[in-house]
Amino acid sequence: MTRTHVRSLLLTFSAILALAGCGGGGLTVSGQAVVTDSAGTSSGFRFPSGVRLDGGAGVNTGSCQISRGASGVYGVVVDLYGDSAAAGRGVRSMTIMAHSNAPATGQITADLGGTEFNGTCTVSVTSLDEGRGNVTLTSSGCSVTHGTDTETADVALSFAGCTVI
């Protein structure tokens, strides 16, 4: 292998690495998904504008998938992962599922300090751009339960760069 060939390979590799860190693409999120207990204490995910979730940076990671159904009908599944060592009933992770044509069948699951809380409630898909993988989800006052314990989940999240399947 000649020096010129090695130099070309190194330059190409450097260009790829530079482009990978340019902030373009990737899954980003804005908004919040929080759970509040009966005492009024809330925990969860609060994202300023454009936070990377796909391993770009930060403590929180996640995924977002938009699946096509019949014409104009979509399902959305979002997984959020945060502090796995959250103290007390702090939110460790959340899964949010929504159907664009059936908001009342939405589901929210939250891991609160190692205990799983679940609820079926209205999760609305308020906007969706399949071509860009953008989606906005909202839910207010969703009761999530574990046994006799009930907490309240509120979601207002906007994603860019979701995987469309």
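What follows is calculated from the coordinates using simple rules that are stated; it is not laboratory data. For clarity, every value in this text was computed on a predicted model and none was experimentally measured. Heads up, the Cβs are rebuilt from the backbone with ideal geometry, glycines too, and the neighbour counts pull from every protein chain shown.
Residue farthest toward the positive end of the dipole of the range 25-164, with Cβ of Lys/Arg at +1 and Asp/Glu at -1: which of Gly131, Gly62, Thr152? Checking the options against the dipole of the range 25-164, the answer is Gly131.
For the range 64-126, relative contact order (Cα pairs under 8 Å, six or more residues apart, normalised by length) works out to 26 percent. With a Förster radius of 35 Å applied to the C-beta separation of Glu130 and Thr41, the computed FRET efficiency comes to 0.40.
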